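I have placed the structure first, in the form of structure tokens, so that the comments after it can refer back to it.
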Amino acid sequence: MSDTLVSKPSPRFPTINIPGLTKYRIAIGFALAAYSFLAYQIVRGAGVIPQFRVDLTPLLTAPIEIQIHAYGAIATFIIGLVLLFAPKGFRMHRTLGWTWVVTMAITAISSFFITSFSPVHFSPIHALSAWTLIGLPMGIAAIRRRKVQDHRKKMTGMFVGGMMIAGLFSFLPGRLMFSLFFSF
């Protein structure tokens, strides 16, 4: 290889410098953006793309178990974001951490009162709630044993699995959170 093609050779990942490659990346990026915009306009014209709006009426008129679950999930999500990005180990982290554990438990327990009208009554998402109720004490026990990495892994996993993944499912069309923020 010549020096013009490879700079700072690495045995694992060589950096390849090809003249003009940046121009191609920019052109491809603009083309993808233009095609994406065109596709969006076509789908939007067909009435398939939801429009953003905020309407709290569905939440305020929902049954109490759904309201408790939604308020608990919102509080858990906000506190979880603060805990993820704030300094760890201080009194405020511990206080917010215990608050997060309580709101997470409320969210998980309240989900068992929200059942579908199928013969089974529970959906696969309820398995996340069951795992959360098992994982919360495990995360607490880990920090009490001074296993910080284990604690971080368990609590972050519950935040990602319980809040991010389950939360994304709540924004599917036909679900309450979707009707709060979107309309067709």
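Nothing in this text is a laboratory measurement; each read-out follows from the coordinates by a stated rule. Fair warning: this is a prediction, and the values are worked out from it, not measured in the lab. Heads up, the Cβs are rebuilt from the backbone with ideal geometry, glycines too, and the neighbour counts pull from every protein chain shown.
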* Across segment 158-164, in residue order, what do the Karplus-derived ³J(HN,Hα) couplings come to in whole Hz, using 6.51 cos²θ - 1.76 cosθ + 1.60 with θ = phi - 60° and x for Gly and Pro? -> 5, 5, 5, x, x, 9, 6
* Asked: Which loop-located chymotrypsin sites (Phe, Trp or Tyr not before Pro) does segment 53-98 contain, where loop means any DSSP state but H, G, I, E or B and the Cβ has at most 13 other Cβ atoms within 10 Å?
  -> Phe90
* Asked: Under the definition of Cα pairs under 8 Å and six or more residues apart, what whole-number percent is the relative contact order of segment 52-183?
  -> 33 percent
* Asked: Taking amide hydrogens as modeled 1.01 Å from N in the peptide plane, which residues meet the under 5 Å criterion relative to Phe182, leaving out close sequence neighbours?
  -> Arg53
* Asked: If you take the square roots of the eigenvalues of the alpha-carbon gyration tensor of segment 99-184 and sort them as a ≥ b ≥ c, do you get rounded (a/c under 1.5), prolate (a/b over b/c) or oblate?
  -> prolate
